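Engineer: This structure is in structure tokens; I'll ask about it shortly.
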Amino acid sequence: MTLTRRALVASGLAAPAILSMGLKAKAATTLKISHQFPGGTIDEGDFRDRMCRKFAALLAERSKGALEVQVYPGSSLMKTNAQFGAMRKGALDMSLYPSPYAGGEVAEMNIGLMPALVSSYEQAVAWKAAPVGRKITEILDSKGILLVSWVWQSGGVASRERPLYAPADAKGLKVRGGSREMDLMMKQAGAATLSIPSSESYAAMQTGACDAVITSSTSLISFRLEELSKSLTSGRERSYWFMLEPIMMSKIAFERLPKDQQDLIMAIGAELEPFGQAGAKADDTKVEEIFTKAGAKVQNLDEKTLGQWRDIARETAWKDFAGKSASCAELLKLAEQVS
């Protein structure tokens, strides 16, 4: 019987998946990849977990068993916020990691969830080959991190009661935005904010600590927020919430490997990017179906309302980010050149 995403999420699969395609080598190297999202299988479940499992399977197959990958979903290997620092020290090999979660250690990474800076997948995907993408890669490399596979996700807003659609709706709400910059925009609009990983959103809404959660469409689904929500502002048509959520690798772990294995890792990472983007787009549609079925009011942002959010973001989050350092200011300028 085929397992549904819901069955997989409910089962709380958190054991490491060791994927080696039945191929064994005398001196296999084992890599560990961690993420915060619910576990599933290579064919069912959260696409981010599936992407990690596909990466593991392809790497084992093409290395003829020389590389073996263990996938640890649901923060089962280590806490979410510890993963970036662990990669920098070589204590964790890889993670599919939300870039702004790294902002406390590398301020420039907050550009990966800069409100209203990116408003379409076409614009987001263009970053990798553009000067802004090369600059991000250079900055992370200097901090001991390699970008293996670029993934972008659009996001929406799940609300316990009244919708959070236009800036005027934010007043008096307790909102989880996902980054410092998103919080700055929300505060200017009149909201109170709280900083938690998306994996803690359900509990925060359930207890009333949070009125509205802004996160990716995939997380809105995987963390079952429709069970607690009466409204959804979808990110399917346009959004001020686009997050860079790539597969990252410890430079220390990467440099331990021979050149042919390094090349294989980077090639497979690039090869899987279309899978990641297709998964994100599919969930933008699926989240609307799930919330509608649960009885929530669903609506998409129009261009005028997106422009209102962008005006606030430009005067708060963008200005604050650019003021942090010359590097941040340069990065923002480069990002604005991608349309």
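None of the figures in this text is laboratory data; all of them are computed from the coordinates on show. Here the structure is a predicted model, which is why all the values come from computation and not from measurement. Every residue, glycine among them, receives a Cβ derived from its backbone with ideal geometry; neighbour counts consider all protein chains shown.
Engineer: For Leu306, what charge total do you get from the other residues with a beta carbon under 11 Å from its beta carbon, if Lys and Arg give +1 and Asp and Glu give -1?
Structural biologist: Cβ neighbours under 11 Å give a net charge of -1.
Engineer: How big is the antiparallel share of DSSP beta bridges in the chain, given as a percent to the nearest 5? Don't jump to the answer; show the numbers that get you there.
Structural biologist: Working: 21 of 37 bridges.
That works out to approximately 55 percent antiparallel.
Engineer: Right, another one. Could you give the angle, 0 to 90 degrees to the nearest 10, between helix 273-293's Cα long axis and the longest principal axis of the Cα atoms of the chain?
Structural biologist: The answer is roughly 40 degrees.
Engineer: Same structure again: Which residue, Glu255, Glu44, Glu138, tops the fluctuation ranking in a GNM of the chain built on C-alpha contacts under 10 Å?
Structural biologist: So, out of Glu255, Glu44, Glu138, the one fluctuating most is Glu255.
Engineer: Using label points projected 7 Å from each Cα along Cα→Cβ, tell me how many nm separate Glu44 and Gln262, to one decimal.
Structural biologist: 4.1 nm
Engineer: Now, a different point. Under a 5 Å amide H to amide H cut-off, with H placed in plane at 1.01 Å, what residues pair with Val69 once short-range neighbours are removed?
Structural biologist: Under 5 Å from the amide H of Val69: Leu19, Leu31.
Engineer: I need the calculated FRET efficiency for the pair Ala166 and Glu255, taking r as the beta carbon distance and R₀ as 45 Å, to the nearest 0.05.
Structural biologist: 0.40
Engineer: Along segment 131-140, what does the Karplus equation 6.51 cos²θ - 1.76 cosθ + 1.60 (θ = phi - 60°) give for ³J(HN,Hα), rounded to whole Hz, x for Gly and Pro?
Structural biologist: Once θ is set to phi - 60°, the couplings for segment 131-140 become x, 5, x, 5, 5, 4, 4, 5, 4, 5 Hz.
Engineer: Do me a favour and compute the ellipsoid semi-axes for segment 176-302 from its Cα gyration tensor, root of five times each eigenvalue, largest one first, whole Å.
Structural biologist: 32, 18, 14
Engineer: Right, another one. Would you please give the residues with an amide H less than 5 Å from that of Val298, counting only those at least 5 places away or on a separate chain, with H modeled from the backbone geometry?
Structural biologist: The list, which skips near neighbours in sequence, is Leu232.
Engineer: Against the longest alpha carbon principal axis of the chain, how many degrees, from 0 to 90 and to the nearest 10, is the axis of helix 326-336 turned?
Structural biologist: 80 degrees
Engineer: Can you compute the charge dipole magnitude of the chain about its Cα centre, using +1 on each Lys and Arg Cβ and -1 on each Asp and Glu Cβ, nothing else charged? Give it in debye, rounded to the nearest 20. Can you show the working numbers first?
Structural biologist: Numbers: 42 positive and 38 negative charges, 103 e Å.
Rounded to the nearest 20 debye, it is 500 debye.
Engineer: Follow-up. Taking a threshold of 18 Å on the Cα-Cα distance, which of the pairs Lys89/Lys143; Lys32/Lys143; Lys32/Lys79; Lys174/Lys230; Lys89/Lys251; Lys230/Lys297 fall above it?
Structural biologist: With Cα atoms farther than 18 Å apart: Lys32/Lys143.
Engineer: Extension gain Ala282-Glu105, at 0.36 nm per residue separation less the Cα-Cα distance, in nm?
Structural biologist: 60.5 nm
Engineer: OK, next. May I ask for log10 I(q)/I(0) of segment 27-334 at q = 0.07, 0.12, 0.14, 0.15 Å⁻¹, from a Debye sum over the Cα atoms as equal point scatterers with solvent left out?
Structural biologist: The Debye formula, applied to the Cα set alone, gives -0.25, -0.75, -1.02, -1.17.
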